[in-house]
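The values are calculated or read from the model by the stated rules, or taken from the named source; none is laboratory data. Only a predicted model underlies this, so the values are computations on that prediction, with no experimental measurement involved. Using ideal geometry, Cβ is built from the backbone for each residue, glycine included, and neighbour counts are taken over all protein chains shown.
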Amino acid sequence: MKRHKINPRTNWQEKVEELGFGYHSAENLYWDESVFYEFSMSEIDRIEKATNDLWEISLEAVQYVIDNNLYSKFHIPEWFVPHIENSWNNDAPAIYGRFDFTFKNGIPKMLEFNADTPTSLFESAVVQWFWLQDVYPNKDQFNSIHEKLIAYWKYLKPYMYHHPLHFTCVKDNLEDFTNTEYLRDCAIQADLKTRFIYIDEIGWDREKKEFTDLENFWIKNIFKLYPYEWLINEEFGRNIIEDKQKAYWIEPSWKMILSNKAILPILWQLNPGHDNLLPTYFEAEKYQLGLDYVKKPILSREGANIQIVKNGYLLAESTGDYGEEGFVYQELCPLPVADDNYALIGSWVIGQDAAGIGIRESKNQITDNQSRFVPHIIS
């Protein structure tokens with residue numbers, strides 16, 4: 001992969017806003033088209049293969065966690081386990097996920113899997129694609145996300161109840177709202193009937209024990225851009241178990257297992273030496289990593305509460321409110337760096353297939369919510 005500097009398009013802000021991309025410059029510049037990354041076809045092939053292989057072994061790991069009742073390692077409460085297992089045993093399919101990769105000797109190495117509420121979907125699927133059409137119309141991009149989303153919503157339709165599909169996220173978060181509405185638009189293109197409701201507006205009928213929207217229409221299918229670990233730690237979340245309608249939740253609750261970094265040492269335990277995995281351990285076995293490692297909370301977001309240790313010394317760290325549930329320790333594998341910028345590759349799986357990538361770039365070694373999104377091409 002090569003980093004190139006380029007002049008941004010004239011009036012690029014207007015161009016991306018026409019697409020519905022309103023958070024391109026939030027607190028700082030987020031969408032950055034003054035640079036782009038160029039990948040060879042062989043590099044893309046390796047990323048695509050790694051994504052598909054990792055998805056397959058991730059599903060095997062979910063089965064292993066369930067079979068061996070390892071929920072305590074994930075800090076998943078016992079009362080919610082039946083819901084997880086029902087969703088798994090009923091083959092409740094998942095829409096999407098994002099593997100985060102670095103490169104080591106030309107091989108993609110998985111840092112983590114954003115399996116429940118991954119963001120940067122809209123900019124990966126749409127914004128960088130339109131940039132490509134304007135700037136390099138004769139080039140290609142690893143990006144079939146949009147087409148695969150529509151196709152997979154069509155595939156999901158028979159699994160759902162014959163009721164509208166509600167979409168929900170938190171209020172006052174433009175990024176979450178944009179990604180949710182984008183997914184909703186793809187569902188509409190797949191001929192699904194949809195409704196939108198903010199998550200704090202979802203009602204609960206105590207007598208009938210069912211979720212309702214603002215028009216008292218019961219909710220039987222729901223996509224949420226809201227983490228399960230937040231939901232089940234709120235009193236309202238317990239209603240999921242009580243729901244007599246047994247609403248169909250997307251993502252399914254079995255994705256809780258994959259969205260938790262406790263899956264990383266389990267993946268390594270089940271697949272030691274796998275080309276696309278990094279050695280990762282729970283605290284009791286972290287000594288196997290020696291003096292170079294990354295300490296990560298099992299539950300965290302936007303790169304919070306991470307420590308990078310090299311030769312036994314703290315190289316970088318981020319602050320935040322996570323870590324109470326515990327940590328995992330992963331072999332240090334630095335991000336690719338060019339012009340003092342570190343690049344993280346986010347590789348999307350839609351349904352069951354690798355579908356495209358997005359690049360986050362930062363001056364820091366830890367990718368966080370200040371990291372920029374930059375487009376890419378295939379040479």
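In the list ASN271, ASN260, which residue meets the criterion of being under 30 Å from ASN311 (Cβ atoms), buried (at least 19 other Cβ atoms within 10 Å of the Cβ) and not aliphatic (A, V, I, L, M)?
Answer to the selection: ASN260.
Please enumerate the residues belonging to the range 324-356 that are surrounded by 23 or more Cβ atoms within 10 Å (Cβ to Cβ) and more than 14 Å from the chain's Cα centre (by Cα).
Scanning the range 324-356 gives VAL328, TYR329, GLN330, ALA343.
Can you spot a residue in the range 245-258 that is assigned to a loop (DSSP other than H, G, I, E, B), closer than 30 Å to MET110 by Cβ and either outside the structural domain of LEU111 (by TED's automatic domain parsing) or of a type in the set (A, V, I, L, M) (or both)?
Within the range 245-258 (the criterion being assigned to a loop (DSSP other than H, G, I, E, B), closer than 30 Å to MET110 by Cβ and either outside the structural domain of LEU111 (by TED's automatic domain parsing) or of a type in the set (A, V, I, L, M) (or both)), the answer is no, since none of the residues qualifies.
Is there a residue in the range 16-36 that is polar (S, T, N, Q), surrounded by 15 or more Cβ atoms within 10 Å (Cβ to Cβ) and assigned by TED's automatic domain parsing to the domain that holds VAL135?
Checked the range 16-36: no residue is polar (S, T, N, Q), surrounded by 15 or more Cβ atoms within 10 Å (Cβ to Cβ) and assigned by TED's automatic domain parsing to the domain that holds VAL135.
Select from the range 96-124 the residues that are among the polar types (S, T, N, Q) and either under 29 Å from TRP12 (Cβ atoms) or touching a Pro at 6+ places or on another chain (Cβ under 7 Å) (or both) and list them in ascending order.
THR102, ASN114, THR117, THR119, SER120, SER124
Six or more apart or on different chains, Cβ atoms under 9 Å: show the pairs whose first residue is in the range 38-50 and within 15 Å of THR102 (Cα to Cα) and whose second is among the β-branched types (Val, Ile, Thr) and part of a helix (DSSP H, G or I).
Once the first residue is within 15 Å of THR102 (Cα to Cα) and sits in the range 38-50, its partners that are among the β-branched types (Val, Ile, Thr) and part of a helix (DSSP H, G or I) give PHE39/ILE47.
Of all residues in the range 266-287, how many are in contact (Cβ under 8 Å) with a residue 12 or more places away in the chain, part of a helix (DSSP H, G or I) and either in contact with an Asp or Glu (Cβ under 6 Å, 6 or more places away or on another chain) or within 15 Å of ASN68 (Cα to Cα) (or both)?
Residues in the range 266-287 being in contact (Cβ under 8 Å) with a residue 12 or more places away in the chain, part of a helix (DSSP H, G or I) and either in contact with an Asp or Glu (Cβ under 6 Å, 6 or more places away or on another chain) or within 15 Å of ASN68 (Cα to Cα) (or both): 3 in total.
Within the range 201-229, take every residue that is under 22 Å from the mean Cα position of the chain (by Cα) and charged (D, E, K, R) and give me the one that is nearest to ASP243 (Cα to Cα).
Among residues in the range 201-229 that are under 22 Å from the mean Cα position of the chain (by Cα) and charged (D, E, K, R), the one nearest to ASP243 (Cα to Cα) is LYS224.
Kindly state which helices (runs of 4 or more DSSP H) lie completely within the range 120-204 and contain at least 2 residues that are under 27 Å from SER42 (Cα atoms), out of contact with any Lys or Arg (no Cβ under 8 Å at 6 or more places or on another chain) and in contact (Cβ under 8 Å) with a residue 40 or more places away in the chain.
Result: 145-156.
For the range 195-217, does any single residue satisfy the condition of being of a type outside the set (A, V, I, L, M), touching a helix residue (DSSP H, G or I) at 6+ places or on another chain (Cβ under 6 Å) and more than 18 Å from GLY356 (Cα to Cα)?
yes
GLU123 versus (1) in contact with a helix residue (DSSP H, G or I) (Cβ under 8 Å, 6 or more places away or on another chain); (2) over 25 Å from ASP243 (Cβ atoms); (3) surrounded by 20 or more Cβ atoms within 10 Å (Cβ to Cβ): which is the lone unmet condition?
Of the numbered conditions (1) in contact with a helix residue (DSSP H, G or I) (Cβ under 8 Å, 6 or more places away or on another chain); (2) over 25 Å from ASP243 (Cβ atoms); (3) surrounded by 20 or more Cβ atoms within 10 Å (Cβ to Cβ), the odd one out for GLU123 is (1).
Just to be sure I understand, how many residues within the range 317-344 are under 20 Å from PRO279 (Cβ atoms) and hydrophobic (A, V, I, L, M, F, W, C)?
Going through the range 317-344 one residue at a time, the tally reaches 6.
Filter the range 1-23 down to the residues that are without any contact (Cβ under 8 Å) to a residue 40 or more places away in the chain and assigned to a loop (DSSP other than H, G, I, E, B) and list them by number.
ASN7, PRO8, THR10, ASN11 - these are the residues of the range 1-23 that are without any contact (Cβ under 8 Å) to a residue 40 or more places away in the chain and assigned to a loop (DSSP other than H, G, I, E, B).
So which residues in the range 205-256 are surrounded by 14 or more Cβ atoms within 10 Å (Cβ to Cβ), among the β-branched types (Val, Ile, Thr) and in contact (Cβ under 8 Å) with a residue 60 or more places away in the chain?
ILE232, ILE240, ILE250
Using the structure shown, decide if ALA304 is modelled with pLDDT of 95 or more and under 23 Å from ARG360 (Cα atoms).
no
Quick check: is even one residue across the range 88-97 more than 30 Å from GLY358 (Cβ to Cβ) and either assigned by TED's automatic domain parsing to the domain that holds ASN179 or buried (at least 16 other Cβ atoms within 10 Å of the Cβ) (or both)?
Yes, the range 88-97 contains a residue that is more than 30 Å from GLY358 (Cβ to Cβ) and either assigned by TED's automatic domain parsing to the domain that holds ASN179 or buried (at least 16 other Cβ atoms within 10 Å of the Cβ) (or both).
Which one of the conditions (1) surrounded by fewer than 17 Cβ atoms within 10 Å (Cβ to Cβ); (2) at pLDDT 95 or above does ILE47 fail to meet, given that it meets all the rest?
(1)
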